Amino acid sequence: MNFAAQLFYSSYLSERLERLYSPRPALKDSEENDPFWQREELYLGPSQPGSSYKYGPISNGTVGRRPTLIEPERLKDFGVEELLNGDVKVHETKVVMAPEVVLMDPPKTRRVSEFRMIPRPPAQYLRFEDISAAAFRIQSGMQKTPCTYSRLSKQYGMEIYLKKEHLHYTGSVKERGVLYLLTSLTQEQQRMGVIVATDCNFSMAVAHHAVELKIPVFVIMPSSCSSPRLRIYRDYGAMVISYGSTGRDSQNHACHLARENGYLYLEEDENAAYLAGLGTVGMEIYEQVPKLEAVVIPAAGQYGLLAGTAAAIKHLDSRILVIGVEPDDFPLLLQSLKTNGPIKDMHSNPNKKLYGDLMEHSLGVNTFQLAKKLVDKVITVSEEDSLVAMLRFQEFERSTVDTEGAMGLAAILAGQLPELKGKKVAVVVSSANMELEVVRQCMDRALVLDNRISKFSVQLGEWPGDMAKLLDVLTREDVRLLDVCHRRHSDKSELFKAKVECVVETRDKMQSAHLRKTLSERYPSICWLDR
């Protein structure tokens, strides 16, 4: 019951008690027989039905008894039934005040210098999301290269899987980065065209994919570039211009043409799109080789292949070892890690025909930071080990690769990775672009290094049959005679002696050792011309 209702009920109760205990008037004759509920003191409506005044009739200028404003049927809400029975209940009303609001002290003002500034982490230069986007973008224009089990696995005590990136159209893994780089250009840049000025795998990939994407492409080459290489660029559909005598002359001319005509000058650097495209190799390896434990990657693509593949592999499984390989004659990354910074100038003279792509550019800052963070180990291999690895590719994998592509396998053949024994290892074969004459020379040199081809000189008498006896010994040893030179006049030969030089090929090291022992016993004056 609210406060207003309680107040009205109290006034009404006082009025009723006053009327009950006041002297009762004498009843009229007509009222004696009326029931008590029809009596005047209990009549709660108007005194007379025809009365116009709302409080009843007026007698002698005074208002008569004022009826209640509550209808009879609502009296039960105020305890009338209890009143008629003689029971009166008193209800105590208690007014509760609202709780006091306590104001808090104002916050203490602080100077900006008092706050500890927490720097935001720097944005990653190459994220896995970028590599995934590159894989999605280039999947329609790039074939998925196989990653096959190698026959050399049992020989070296580990499961070797070769990721054959040399099977791309231009024979190089750099197609991945170049294709994503070209598709990331604006429409205006694609309409104006691109220009390159170095004879390398990167330029070949640009020439091929730019033509496929209907982008004008210009190739500036020095006059020293061989005719077969120039023919390759023309066959791809590029506009080839021969200018200058050195690579620096052609690069300067290409930059001049780019400024004048609005071409985009492209060179192999640490562009984020280029690295993301190269990183798709790591995604494919992880998908193709289950339970992978290690990846051996050559330092190709200005170390972008190593950094991009390591970023993808480490994101998918941080337990997988990532090992980088570079040549002994050009250990750019290894020396940079020792000095904790990328080295700009490397004072070394490696073979340009074998490692030309690695010498064209320096190591970038971002690529170095990625390699420092993600690569577990960096080793170097000798030129001899790379050549022998090229020979193993031809013998066991029936494929021809260059020294850059063979560096990963060379590290295993040289025994520099004993911690990989019994593990599942993927080796990236990055490229196979080498001129035919250079390939032939490399194979001849590799056979000598592998003790498969031996060259010796021996002094024989001029008597009939001495030469035949030597050839008979070689026949019994079941060796193949590749070349023979019979010199009768020599400054160092004795009188009545002739100097004979022979080049023979053996099956393996064991047969070569047995041949050396036999000939040394028969001809004490024999001289082996090794390597």
Provide the solvent-accessible area of Met467, counting protein heavy atoms only and rolling a 1.4 Å probe, rounded to the nearest 10 Å².
60
Descending packing, highest mean Cβ count within 10 Å first, for 477-486, 150-159 is 150-159, 477-486
When the chain is fully extended, how far beyond the present Cα-Cα distance does Glu477 get from Leu167, taking 0.36 nm per residue of separation?
107.6 nm
Area of Leu182 that stays accessible when all protein chains are in place (1.4 Å probe, Å², to 10):
0
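What does the charge add up to near Ala294, with Lys and Arg as +1, Asp and Glu as -1, over the other residues with Cβ less than 13 Å from its Cβ?
Working: positive: Lys163, Lys291, Lys314, Arg319, Lys377, Lys421, Lys423, Lys424; negative: Glu159, Glu293, Asp317, Asp376, Glu419.
Summing Lys/Arg as +1 and Asp/Glu as -1 gives +3.
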Would you pull out the residues with amide H under 5 Å of Val295's amide H, same chain only if 5 or more places away, H placed 1.01 Å from N?
Leu321, Val322, Ile323, Ala426
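Past 32 Å, Cα to Cα: identify those pairs from Lys353/Lys469; Lys344/Lys424; Lys164/Lys373; Lys144/Lys509; Lys373/Lys509; Lys144/Lys423, in the order given. Working shown, then result.
Numbers: Lys353/Lys469 42 Å; Lys344/Lys424 36 Å; Lys164/Lys373 26 Å; Lys144/Lys509 38 Å; Lys373/Lys509 42 Å; Lys144/Lys423 25 Å.
Flagged as over cut-off: Lys353/Lys469; Lys344/Lys424; Lys144/Lys509; Lys373/Lys509.
Express the carbon and sulfur contribution to the solvent-accessible surface of the range 376-417 as a percent, rounded to the nearest whole number, probe 1.4 angstrom. Don't skip to the end; give the middle numbers.
Working: 480 of 1190 Å².
Roughly 40 percent of what the probe reaches on the range 376-417 is carbon or sulfur.
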Tell me, what is the per residue accessible area of the range 217-344 in Å², probe radius 1.4 Å?
41
Could the peptides 448-460, 421-433 be put in order, highest first, of the mean number of other beta-carbon atoms found within 10 Å of their residues?
421-433, 448-460
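Taking only the C-alpha atoms, wrap a convex hull around the range 380-531 and report its volume per residue in Å³ as a whole number.
Values: hull volume 22.3 nm³, N = 152.
Cα-based convex hull of the range 380-531, divided per residue, equals 146 Å³.
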Rounded to the nearest 10 Å², the 1.4 Å probe accessible area of Glu129 is 110
For the pairs Lys163/Lys455; Lys377/Lys455; Lys154/Lys314, note any where the Cα-Cα span goes beyond 31 Å.
Lys163/Lys455; Lys377/Lys455
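Step through the table entries Lys291/Lys421; Lys338/Lys372; Lys174/Lys421, compare each Cα-Cα distance with 22 Å, and write down the pairs that go over it.
Details: Lys291/Lys421 15 Å; Lys338/Lys372 10 Å; Lys174/Lys421 30 Å.
Cα-Cα > 22 Å for Lys174/Lys421; rest within.
For the range 412-479, what D do you get in µm² per second when you plug the Kirkwood radius from alpha-carbon pairs into Stokes-Einstein at 37 °C and 0.692 mPa s? Spell out each step's value before the answer.
Working: Rh = 16.9 Å.
After rounding, the answer is 194 µm²/s.
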Take Phe330, Phe128 and sort them by solvent-accessible surface of the protein heavy atoms, 1.4 Å probe, largest at the top.
Phe128, Phe330
Label 7 Å along Cα→Cβ of Lys377; the range 318-335 residues with amide nitrogen under 11 Å?
321-324
Listed peptides 309-320, 199-210 by packing density, highest first (mean Cβ within 10 Å)
199-210, 309-320
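The values are calculated or read from the model by the stated rules, or taken from the named source; none is laboratory data. Bear in mind that the values here come from a model prediction, so they are computed numbers and not experimental data. Backbone-built Cβ (ideal geometry, glycine too); neighbour counts: all protein chains shown. For accessibility, only protein heavy atoms count, side chains too; no ligands or nucleic acids. Shrake-Rupley method; radii C 1.70, N 1.55, O 1.52, S 1.80 Å.
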